[in-house]
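This is the structure, below, for whatever I ask next.
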Amino acid sequence: MSSSYHTILRALAITLSLGVAASEAALAQTAPVGAAQGEPQRYTLGGITISGARYLDANTLIGLTGLKIGDPITIPGEEVGKAIRKLWDQGILGDVSVSIDHIEGQRIFLDFNLKERPRLSKFEFSGIGKSQADELKNKIKLIRGKVVTDALLSNTKAQVRKFYTNKGFLDTKVNIVQVPDSSLSNSVLLDIKVDKGAKVRIHDIVFEGNEAFKDGTLKGKFKKTKEKKFPKFFNSGKFQRAEFEEDKKKLIDFYNAQGYRDAVVVSDSLERDDKGLTLKVRVDEGPKYYFRHITWNGNYLYDDKTLASVLAIKEGSVYSKETLDKRLNYNPTGQDVTSLYMNDGYLFFQIEPVETKVEGDSIDIEMRITEGVQARIKEINIAGNTKTSDHVVRRALYTLPGDKFSREQLIRSQREIATLGYFDPEKIGMNPVPNQADGTVDINYTVEEKPSDQITLSGGWGGYAGFIGTVGLVFNNFSLRKASSLRNWTPVPAGDGQRLALNVQANGLQYQAYSFSFTEPWLGGRKPNSFSFSLNKSIQRLGTNFDPKTGSSIKVNSASVSLGRRLRWPDDYFTLSNSLSFSQYKLQNYTYFENFNNGNANNFTFNTTLARNSIDNPTFTRRGSTLSLSVNLTPPYSVFKGSHPSVNEWVEFHKWMFDASWFSPLVGKLVLNTRAHFGFIGSYNSSRQIGPFERFKLGGSGLGYGGASNFLVGTEYVGLRGYDDPNGTESLPASRQSSNGGVVYNKYVLEMRYPVSLNPAATVYVLGFAEAGNSFEKYTDYNPYKLYRSAGLGARIFMSAFGLLGFDYGWGFDNVPVYTAGQKQTTGRFHFIIGQQIR
């Protein structure tokens, strides 16, 4: 209790004594005996009044005193002292005094005279910049009209100091000055004066007691507590106790994983010097332990040998609780003991590793198992799909009512829901609710919808055509079934997982392109058999003053239809799709193809694609792979007996393409992506030349910005960052304007990816890449080792409304002769990608 509080109590005792004496002098006939000598007298409390309170409710204050009318009270005595203490403890009063209002016989009437603390009218900061002042205002959140108590002032100072401590200002001083507000009665303005002082950072972290690992190794285990010194430019050097405590846990986890199960942080301290802070951490490593005998108890379904092979921990291995837990419960890179049981329905399976003996540096473990019974799935519940129909989600699941529970199938179901692209992959929940009484389990899936439709409104400069504008709409969750009802057009019927895409690209009369496509992923609704068809029309007219009779132009009309299905062998990650397409090319005085300037060319193609996709997340993939082998075949017209159509009347070729991509998590969120691509095109008749259709061009972003003519004839544009886009003067030899393109190509990519934001509205990650590739105009020129190499940095942004946006800067290591001037490439290249990944 403060000295000022005792002073008030003493003053109250004097006040009460004087008041009693004065009352007795006036009312001598009723005065109690001994009152004149100031002896304590007993009264009955007749009433309480409050004076001096302007904003506080009198009845509430009387209630806070704890005194009640009719209570016996001693004057002077401790009852009044307790009442004052209760009022004072509220923290809303600046002063309290008590006097006797009057006495009627044995009834005494008291008056509590109060002085209210001022209320806050506003507050401001001085000594700091506006941006930091605004940030502090949001953190402190002082409320106008609130009583300015000692606790409020103390808490405000503490929050300001904490704010600057987290920024490395450990010597921050805060002084709060109360300035009366003349515009409001009993109100004050708080002037919060801040002196940040000098920023103090950790310049050295020193470990003591460590013998097994060097300081540098241990420093690397701290994720947030880092040194600020050359050459560690990006480390903040800030010391925050909460983050340091988390880092100490990570340090001990590291020791435990290396066999030091008894390792502890004995102490830590901060020392100040002219350079800043030195953080000293003393550890006691303890001995290094090893696994010795591992025995199994309670297992009936699988024998000891089978379980030991799954556990894969040999006698003499370094003792690691992390490894043991991973091999028992969840191993992302392989099988674990729990999955062995749970994938066979044993949801109630439990395993407890018990250390039965610690002898020297060796530890014996007994695995105590409770197998339980097999559980079958009873109900599947889905929540959160406000737009997507239930049946779209359910048909993606691998967990079905009546099936045995399988943890593997549960995880697979989560992946399939994420692959749909309609939900935030980071917020897909799976909650098995077991019922041990009847041996069943309900599975509750929770999802959160994200925008999946895309709109494209863009413009760009496209070679011959000049400025090209594009309007595109892609509805990835369309519903044809709901289209018949106008109330479902909000703005379009959605929820059945169908895909509808419309695209228009034009530059006046010089270049126009229109496309329409529709995809039903579950034809008939019972099996994952996809059906799609598309229609495309495009025209390019050369020259600004085009003459319909004598002008140069190429027109293309095409249509395709395809069927795809999921395979069960070799596994159900495989799909097989087949399609038929027909394209008709109409040329008028078109000079860009050798020996083919006028007339029609017809391209009837059969395509079959065998693909496998096991990635975990289509937006930011952490693990899994994609493989694809596709074959495009036209009828072999030239080998038909008696059939000798002109070279370009019916397009003839066979085209093979292979693409593979692997994703592997490295450290933390860092992911390695390796890719390989290969393709070639050939003819059925060696005496017949390969036409200009369906060839390969490498370079740049792979979007085919270099003129519409190659794009119209189905040229495959393959990105090769660090080099020019095809058809430019610095393009790769087989990708220049003077070339129809390559007949064979190969390319290899190594890419490191790190996520910046996994928000579904805008998923962002940065990357570093190294790649190499080349295409060749003749088979005789093909050399798999003659590659153009490059490396660089980039970023990807997936926006739900616009799809993919990408930026790369690549540097090509191999010079490309410029055919127009004999020069060579000497600079890097900046690439912009929209709508698709670089292959």
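Throughout, read-outs are computed from the coordinates displayed, never taken from laboratory work. Fair warning: this is a prediction, and the values are worked out from it, not measured in the lab. We place every Cβ from the backbone using ideal geometry, glycine too, and count neighbours over all the protein chains shown.
Using the crude model of +1 on Lys and Arg Cβ and -1 on Asp and Glu Cβ, and no other charge, please compute the dipole size for segment 376-446 relative to its Cα centre, in debye to 20.
Approximately 140 debye in magnitude.
Sticking with this one: Tell me, how many Å apart are the Cα centres for segment 388-424 and for segment 553-571?
Here the two parts' Cα centres lie 26 Å apart.
Over what distance in Å are the Cα centres of segment 341-379 and segment 269-325 separated?
18 Å
Among the listed pairs LYS173/LYS219; LYS86/LYS139; LYS219/LYS321; LYS314/LYS427, give every one whose C-alpha distance is greater than 27 Å.
Violating the 27 Å Cα-Cα cut-off are LYS173/LYS219; LYS86/LYS139; LYS314/LYS427.
So what's segment 376-446 giving for Cα Rg divided by 2.2 N^0.38 Å, two decimals?
Working it through for segment 376-446, the quotient is 1.07.
What's the angle, to the nearest 10 degrees (0 to 90), between helix 3-26's Cα axis and the longest principal axis of the chain?
40 degrees
Tilt of helix 150-165 relative to the longest C-alpha principal axis of the chain, in degrees (0 to 90, nearest 10)?
The angle comes out near 30 degrees.
Give me Rg/Rg_expected for the chain, where Rg uses Cα atoms only and Rg_expected = 2.2 N^0.38 Å with N residues.
1.42
Which listed residue (SER362, ILE252, VAL194) has the Cα farthest towards the positive end of the charge dipole for the chain, taking +1 on Lys and Arg C-beta and -1 on Asp and Glu C-beta about the Cα centre?
Among SER362, ILE252, VAL194, the one farthest towards the positive end of the dipole of the chain is VAL194.
Are there trypsin sites (Lys or Arg not before Pro) in segment 497-599 that DSSP puts in a loop and that have at most 13 other Cβ atoms within 10 Å, and which ones?
Listed in order of number, the matching sites are ARG526, LYS549, ARG568.
For the chain, what is the charge dipole size about the Cα centre, in debye to the nearest 20, if Lys and Arg each add +1 at the Cβ and Asp and Glu each add -1 at the Cβ?
2180 debye
Cα-Cα over 30 Å: which of LYS482/LYS555; LYS196/LYS669; LYS199/LYS250; LYS137/LYS249?
With Cα atoms farther than 30 Å apart: LYS482/LYS555; LYS196/LYS669; LYS137/LYS249.
At q = 0.15 Å⁻¹, what is the base-10 log of I(q)/I(0) for segment 364-409 according to the Debye formula with one equal point scatterer per Cα and no solvent? Please give it to two decimals.
Per q value, in the given order, log10 I(q)/I(0) is -0.56.
So, by mean Cβ neighbours within 10 angstrom, what's the order for 95-101, 370-376, 483-489 with the highest one leading?
Put in order of decreasing packing, that is 95-101, 370-376, 483-489.
Say the dipole of the chain comes from +1 at the beta carbon of Lys and Arg and -1 at that of Asp and Glu; which of GLY421, LEU328, GLY806 then lies farthest toward its positive end?
GLY806
So what does the Cα-only Debye profile of segment 60-178 read at q = 0.19, 0.21 Å⁻¹, as log10 I(q)/I(0), no solvent term?
-1.01, -1.16
Let me ask something else about it. Treat every Asp and Glu Cβ in segment 202-284 as -1 and every Lys and Arg Cβ as +1, leave all other atoms uncharged, and give the resulting dipole magnitude about the Cα centre to the nearest 20 debye.
With only Lys, Arg, Asp and Glu charged at Cβ, the dipole is about 400 debye.
Give me the distance between the Cα centres of segment 763-780 and segment 128-206, rounded to whole Å.
Their Cα centres are 55 Å away from one another.
For segment 161-238, which GluC sites (Glu not before Pro) are in a loop by DSSP, counting at most 13 other Cβ atoms within 10 Å?
Here the sparse-neighbourhood loop sites are GLU211.
Could you name the aspartates and glutamates in cross-link range of LYS378, using Cα to Cα under 15 Å and dropping any fewer than eight places away on the same chain?
Partners found: ASP403, ASP438, ASP442.
Can you pull out the chymotrypsin sites (Phe, Trp or Tyr not before Pro) in segment 712-786 whose DSSP state is coil and whose Cβ has at most 14 other Cβ atoms within 10 Å?
Taking segment 712-786 and a limit of 14 other Cβ atoms within 10 Å, the loop chymotrypsin sites (Phe, Trp or Tyr not before Pro) found are TYR785.
Could you work out the helix-only [θ] at 222 nm for the chain, with each DSSP H run of four or more residues adding -39,500 (n - 2.57) and the total divided by the number of residues, to the nearest 500 deg cm²/dmol?
Calculated from helices alone, the mean residue ellipticity at 222 nm is -5000 deg cm²/dmol.
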